[in-house]
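Taking it in order: structure first as structure tokens, then the write-up.
Rule-based calculations on the coordinates, nothing more; no lab input. Source: prediction; values computed, not measured. Here the Cβ positions follow ideal geometry from the backbone for every residue, glycine too, while neighbour counts run over all protein chains shown.
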């Protein structure tokens with residue numbers, strides 16, 4: 001079936017470096033994508049979103065890139081900090097809100 | 001605005017017992033969602049409401065599960081005759097329907 005998936009289960013990055021988390025999606029009907037951050041014992045926290053009519057969107061220290069041709073989504077975190085250590089999920093939806101999540105990428109920030 | 005609240009945060013129950021969870025969404029959000037998350041996995045959609053109407057239910061939501069949103073505000077999720085396989089984090093989220101869903105901290109259910 002159609003699904004959302006992540007390429008790397010764990011990403012180790014040195015403090016101060018940039019992080020890139022990748023996500024592949026296969027539902028061509030999806031027109032809205034969200035990145036969430038989840039810390040242990042907490043619910044997913046919204047980071048940034050992007051609609052399918054855009055290919056790039058920037059927030060504070062984060063950038064999401066969307067490549068609809070290859071159905072690929074990425075999250076870039078600039079100057080990664082210890083507080084960025086968490087599991088990151090990409091999620092897609094065809095528009096009315098039901099989110100389909102991938103399995104997540106664990107980001108570990110090392111000093 | 002205090003965000004999405006879920007109660008209780010943790011629930012331990014014995015197999016066969018019934019449990020009920022509550023979710024209080026952000027007040028101006030008319031959409032409310034329930035998800036289930038097991039360790040190491042992303043959340044899985046269970047059901048959603050627009051105001052008081054339950055508009056979709058996942059096939060994951062067996063007959064033992066029921067959700068309500070009687071006045072279009074808070075919602076409850078009840079699991080009857082719990083099984084060990086029901087052990088998971090139950091997450092509630094709300095939105096205006098125009099974009100991002102805001103999640104609560106979840107209810108961690110352990111069925112012994």
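Could you tell me which of rounded, prolate or oblate describes the stretch B:16-112, using a ≥ b ≥ c as the square roots of the eigenvalues of the alpha-carbon gyration tensor, with rounded for a/c under 1.5 and, failing that, prolate when a/b is larger than b/c and oblate otherwise?
Working: a/c = 1.92, a/b = 1.52, b/c = 1.27.
Prolate is the answer for the stretch B:16-112, as a/c is 1.5 or above and a/b outweighs b/c.
If you count the DSSP beta bridges with both ends in the protein assembly as shown, what percent of them are antiparallel, to the nearest 5? The partial results should precede the final answer.
Working: 70 of 79 bridges.
About 90 percent, rounded to the nearest 5.
Shielding of B:43-56 by partners, i.e. mean partner chain Cβ atoms within 10 Å per residue?
Details: counts 10, 3, 6, 1, 1, 4, 0, 2, 0, 0, 0, 0, 3, 3.
That works out to 2 on average.
Compare A:27, A:53, A:67 in a GNM of chain A, Cα atoms joined below 10 Å, and give the one with the largest fluctuation.
Of the options given, A:53 has the highest mean-square fluctuation.
For the stretch A:6-52, what does the alpha-carbon gyration tensor say about shape, rounded, prolate or oblate, given a ≥ b ≥ c as the root eigenvalues, a/c under 1.5 as rounded, and a/b over b/c as prolate? List each step's numbers first, then the result.
Numbers: a/c = 1.97, a/b = 1.47, b/c = 1.34.
Taking the square roots of the gyration eigenvalues as a ≥ b ≥ c, the stretch A:6-52 is prolate.
Where in the stretch B:40-73 does the amide nitrogen come within less than 13 Å of the point 7 Å from the Cα of residue B:83, taken along Cα to Cβ?
B:60-65
Of all DSSP beta bridges in chain A, what percent run antiparallel (nearest 5)?
Details: 36 of 41 bridges.
Roughly 90 percent of the DSSP beta bridges within chain A come out antiparallel.
Under a 10 Å cutoff between Cα atoms, tell me which one of B:81, B:69, B:36 has the largest fluctuation in the Gaussian network model of chain B.
B:81
Which value in Å is the Kirkwood Rh of the stretch B:1-45 over different Cα pairs?
12.8
For chain A, build the convex hull from the C-alpha positions and give me its volume per residue in Å³. Intermediate results must be reported in sequence, preceding the final value.
Working: hull volume 10.9 nm³, N = 111.
Cα-based convex hull of chain A, divided per residue, equals 98 Å³.
Using a Förster radius of 30 Å, what is the FRET efficiency between residue A:12 and residue A:55 based on their Cβ-Cβ separation? Nearest 0.05, please.
Working: r = 28 Å, r/R0 = 0.94.
Rounded to the nearest 0.05, the efficiency is 0.60.
Computed over the Cα atoms of the protein assembly as shown, what is the convex hull's projected area averaged over all directions, in nm²?
Values: hull surface 49.4 nm².
Averaged projected hull area, Cα only: 12.4 nm².
Any idea what diffusion coefficient the stretch A:44-98 gets from Stokes-Einstein, in µm²/s, Kirkwood Rh on alpha carbon pairs, 25 °C, 0.890 mPa s?
197
How well do other chains shield peptide B:97-106, expressed as the mean number of their Cβ atoms within 10 Å of each residue Cβ?
Numbers: counts 3, 2, 7, 10, 10, 4, 8, 3, 4, 5.
The shielding value for this peptide is 6.
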